[in-house]
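Quick notes on the structure that follows.
The values are calculated or read from the model by the stated rules, or taken from the named source; none is laboratory data. Just so it is clear, the model here is predicted, and its values are computed rather than measured. Ideal geometry is used to build each Cβ from the backbone, glycine not excepted, and the neighbour counts take in all protein chains shown. For the accessible areas, the whole protein counts, side chains as well, though only heavy atoms, and no ligand, DNA or RNA atoms are used. Shrake-Rupley method; radii C 1.70, N 1.55, O 1.52, S 1.80 Å.
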Amino acid sequence: MNERAPISAVLTRASQVATLLLSGAALAGALYLGAVSMGRVPAVGPFLDPAHGIWAVARTAELPREASLRIAGLKDSVAVKYDERGVPHIFAQHEEDLMRAFGFVVARDRLFQMELQTRAVAGTLSEMVGATALEADREARAQGLAWGALRKWNAIPDTSEHRRLVTAYSDGVNAYLAQMTAADVPFEYRLLGAKPQAWKPEYTYYLLARMSLTLAWNDEELRRASVEALVGERAADALFPAEAPIQEPIQPVAGRRGPRIAGGVLPPPAPHDTARLAIAESFQRAATSATLSTRRGDGNGEVAVGSNNWAVAPTRAAAGRALLSGDPHLQLTLPSIWYEVHLQVPGLIDTYGVTIPGGPIVPIGFNRAMAWTATNTGADVLDYYEETVDDRRHPTRYQLDGAWKPLELRIEAVRGRSGRVLRTDTIYHTHRGPMIRAGGTWLSRRWTALDVTDEGRVLRLASQARSVDEWMTVMGDYAVPAQNFLTADTLGHIAIRSTGHYPVRGGAARGDRITDGTKSANDWRGFWPPDRYPHAKDPAQGFLASANQQPKDPQVDPGYLGSNWPAPFRAMRINRLLRTDSAVTPDAMRRFQTDPTSELTEFFLPPMFDAVARASVTGAVDTAAVRGAALLREWDGRFTPDNERAVLYDVMMEELGRRTWDELRGATNVRRAPTPSSAVLAQLMQDGDSPWWDDRSTQARETRDSLLVASIGAAYRRVAQRYGPPGPRWRWSGIRTATINHMLGVPGLGRTRIPMPSGRGTLSPSDGNGSHGASWRFVVELSPDVRAWGTYPGGQSGNPVSERYDDRLPSWTAGRLDTLRFPRRAADLASPRATLTLHPER
């Protein structure tokens, strides 16, 4: 390799990192978060070693201006040009060469991230970090994700094109490992005293399985069991309904220009059933843990992690070209979950977008003819069955249709850093999937993520589609995780479809209840056909949008897709913005992505103002409530960083939810069942005398109005006590912030307290600690010469000393998008930041 870029700035960053690592507090924090084995503190000396320590990381932090290498397996030379934003544009003559270079390039920037993600799925973190990770490894193996991923990989024919391409990607990763010098070893390996492991092609499917855990996990029947024990079945049906009470579906309803809001009265709560509650909570403890808390909430029933996408038809675009916006929200880490790339093979592939490091696909992006993006559908694709076994402690058989069937056994041995076995577990399987034990009960799990399907092949082929119709045809074979895929093309078409395998259930039509496992009649019978999926193409309204809401109005199709849907307030906001703009520009699409207004406020602020006014007339109101209401009347309802009223509204909503749903606290008040969504609370607002408004912790009988008055009064007192009188300390920018941690939680390598225009129901929701949010924002204009803009919170490099580690954070924080360079030829990318040429071995 030849001359590298100047590193004076890099050396400064290295000094800062070294200082942090020498801090006892930093090391203690790293140990606490599981970065290294408990009790084993990394020695200081190796970090200061000029040849192998943090200074070596600094020397390799930036890409060399020019580099040329030979790697095995190439048929022809491959040119990789990095633009000014550090995006590699890979130009190859053959698809297998492209995949080899793709693997090489991603490993060059994100090697440790690739391995860490893979080990998390495989349950081998203990081999890297020690016994600290034992329980996480045991749970990963019990989930069976690596087991299922290996089944998928083994089902791909050895002679198939897709298998060759995934293998070529893997070969590229290993080619990078083979030429890597000691100075190239990522910082985290040095911190842990570990060495990189060889890459296997099946690891691509481990990463796809990890996305299924994030996006297709649903334990609603276990959550619901607790609710039924607390308030009864009828109330549970109303609080966590299969039909969302506010309908703003992904599939537009002809002639409707706003949401459909359900009326009706919520059934009153029934008395607690303590015995059932104990059983239900044992189910939840057995099946869930912190690692499986994928449905992030704000503590008040609102799903705080929500993705958005929308497309505008040419008839409503200022330039007469289709527009598409993608805004997927996921966990925020450094390095980012995404890696930006441009792939080209003349006449075959010319694709730009983001990839998950370790996967040779571009699941979100665009080509010369079309663009695509996705939000999570959140469908119920996981069911639990209560099984009858022959021995509760050591079962060998389970009962099905009156006969005993043998259980399949999977032996899992978790090893530590030295290779010594730390724990051996036996995982039992029925024909439905792996089992878990909850007290004396065994539950089996049927989950689409463990089915033998091939999403990798489907997504790779879809990225080469030349039109919306072709893309949808290819994606007909896509299974999991179910996604609301939005597309637009240069022909002027826009389309959306909630694509994935939706079970057709035997027995009960719904999957949000634990099912009797002794009857095969209760098994899944297949999946919905693609023509039944929620979908729309070129609607009369001229736009399409999704934000995790229920995808199809049950009045159009009552078929069960799931329950307890996220509130549709983000979708309502997107649709309002698009309805009121008949000449949308790419810049307007960008502004919409960080729009600070929430449709939720209209359901709660006016009734609160009225309640305080009526109470003031009768004298039944304290000064805190009056003062709080007066301050919120000054608020424009926008969660802008500089406003000083959003904090009061946010705490008021927290108080209202806590007081309203007190019936959902467990008998001991130690554990609390799930909280209904804000859409259910909005529905309840229509019934001012519902028994749900009564706060059981008081002697009085509360109504909606009295609870609203009490909530704003309590909110004012809490905010004033914490932040003082109204003023700069109430400013939202100091309260609602993003936290982007290093993937190991190493202090100093993350970024904290980043102001966000975020609030309940806004397009950029947050769970309060700000660790989840917009992981990639982009806008595409489908003109004959496709134009695009985008950014994500981080940078291309996984090296914390590199300028490319977090260089995009300023634009992401400000809501700006960078121009995405999309050259047709390598020669069109003038003045590249760096160039890498890969040649075949002689």
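Here are the numbers:
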quantity: Residue match in the range 4-26 (condition: modelled with pLDDT under 55 and touching a strand residue (DSSP E or B) at 6+ places or on another chain (Cβ under 7 Å)); calculated: yes
quantity: Options THR752, THR762; residue that is under 28 Å from the mean Cα position of the chain (by Cα), open to solvent by less than 40 Å² (accessible area, probe 1.4 Å) and touching a residue at least 12 places away in the same chain (Cβ under 8 Å); calculated: THR762
quantity: Failed condition for ALA318, given (1) touching a Leu at 6+ places or on another chain (Cβ under 8 Å); (2) farther than 28 Å from ALA142 by Cβ; calculated: (1)
quantity: Residue match in the range 427-441 (condition: within 21 Å of ALA313 (Cβ to Cβ) and either among the basic types (Lys, Arg) or open to solvent by less than 10 Å² (accessible area, probe 1.4 Å) (or both)); calculated: no
quantity: Matching residues in the range 443-465 - criterion: being part of a strand (DSSP E or B) and either without any contact (Cβ under 8 Å) to a residue 12 or more places away in the chain or open to solvent by less than 20 Å² (accessible area, probe 1.4 Å) (or both); calculated: LEU443, SER444, ARG445, TRP447
quantity: Neighbours by Cβ (under 9 Å, 6+ apart or cross-chain): first from the range 144-160, under 21 Å from ALA413 (Cβ atoms); second open to solvent by less than 20 Å² (accessible area, probe 1.4 Å) and part of a loop (DSSP other than H, G, I, E, B); calculated: GLY144/GLY433; LEU145/GLY123; ALA146/GLY123; GLY148/GLY433
quantity: Residue within the range 667-683 that is touching a Leu at 6+ places or on another chain (Cβ under 7 Å), at pLDDT below 95 and open to solvent by less than 20 Å² (accessible area, probe 1.4 Å) present; calculated: yes
quantity: SER802 vs. criteria assigned to a loop (DSSP other than H, G, I, E, B) and crowded, with 24+ Cβ neighbours inside 10 Å; calculated: yes
quantity: Residue within the range 662-677 that is touching a Ser or Thr at 6+ places or on another chain (Cβ under 7 Å) and in a helix (DSSP H, G or I) present; calculated: yes
quantity: Selection count where residues are within 28 Å of the chain's Cα centre (by Cα) and either of a type in the set (Lys, Arg) or open to solvent by 20 Å² or more (accessible area, probe 1.4 Å) (or both), scope the range 613-641; calculated: 3
quantity: Residue count, the range 805-842 (criterion: in a helix (DSSP H, G or I) and over 20 Å from SER764 (Cα atoms)); calculated: 3
quantity: Residues that are within 24 Å of PRO641 (Cα to Cα) and touching a residue at least 12 places away in the same chain (Cβ under 8 Å), drawn from the range 796-816; calculated: ASP806, ASP807, ARG808, LEU809, SER811, TRP812, THR813, GLY815, ARG816
quantity: Helices (runs of 4 or more DSSP H) contained in the range 111-211 and holding at least 3 residues surrounded by fewer than 20 Cβ atoms within 10 Å (Cβ to Cβ); calculated: 134-143, 145-155, 161-179
quantity: Within the range 587-598, considering residues that are charged (D, E, K, R) and under 23 Å from the mean Cα position of the chain (by Cα), the one surrounded by the fewest Cβ atoms within 10 Å (Cβ to Cβ); calculated: ARG591
quantity: Tabulated pairs, the range 557-584, first more than 30 Å from ARG505 (Cα to Cα), second basic (Lys, Arg) and not in a loop (DSSP other than H, G, I, E, B), C-beta under 7 angstrom, 6+ apart or interchain; calculated: SER582/ARG316; VAL584/ARG316
quantity: GLY795, sole failed condition from (1) at pLDDT 90 or above; (2) surrounded by fewer than 20 Cβ atoms within 10 Å (Cβ to Cβ); (3) not basic (Lys, Arg); calculated: (2)
quantity: Of all residues making up the range 506-528, the number that are open to solvent by 20 Å² or more (accessible area, probe 1.4 Å), under 18 Å from GLY378 (Cα atoms) and not small (Gly, Ala, Ser); calculated: 3
quantity: Check on TRP147, at pLDDT 95 or above, under 30 Å from PRO800 (Cβ atoms) and not polar (S, T, N, Q); calculated: no
quantity: LEU348 open to solvent by 10 Å² or more (accessible area, probe 1.4 Å) and either within 30 Å of ASP83 (Cα to Cα) or modelled with pLDDT under 95 (or both); calculated: yes
quantity: Count of the range 223-261 residues which are under 29 Å from TYR533 (Cα atoms), open to solvent by less than 30 Å² (accessible area, probe 1.4 Å) and assigned to a loop (DSSP other than H, G, I, E, B); calculated: 9
quantity: Count of the range 396-414 residues which are in a strand (DSSP E or B), of a type outside the set (A, V, I, L, M) and either open to solvent by 30 Å² or more (accessible area, probe 1.4 Å) or under 21 Å from THR518 (Cβ atoms) (or both); calculated: 8
quantity: Matching residues in the range 556-580 - criterion: being in contact with a helix residue (DSSP H, G or I) (Cβ under 6 Å, 6 or more places away or on another chain) and under 21 Å from GLY637 (Cα atoms); calculated: ALA567, LEU577
quantity: Candidates LYS81, LYS75 - the one that is touching a helix residue (DSSP H, G or I) at 6+ places or on another chain (Cβ under 9 Å), assigned to a strand (DSSP E or B) and either open to solvent by 30 Å² or more (accessible area, probe 1.4 Å) or of a type in the set (Gly, Ala, Ser) (or both); calculated: LYS81
quantity: Long-range neighbours under 6 Å by Cβ, at least six apart or interchain, first residue more than 13 Å from TYR649 (Cβ to Cβ) and assigned to a helix (DSSP H, G or I) within the range 703-723, second of a type in the set (Phe, Trp, Tyr) and open to solvent by less than 10 Å² (accessible area, probe 1.4 Å); calculated: ARG704/TRP693; LEU707/TRP693; TYR723/TRP730
quantity: Residue match in the range 632-650 (condition: without any contact (Cβ under 8 Å) to a residue 40 or more places away in the chain and in a helix (DSSP H, G or I)); calculated: yes
quantity: Residue check for LEU382: among the aliphatic types (A, V, I, L, M) and either closer than 21 Å to TYR533 by Cα or open to solvent by 30 Å² or more (accessible area, probe 1.4 Å) (or both); calculated: yes
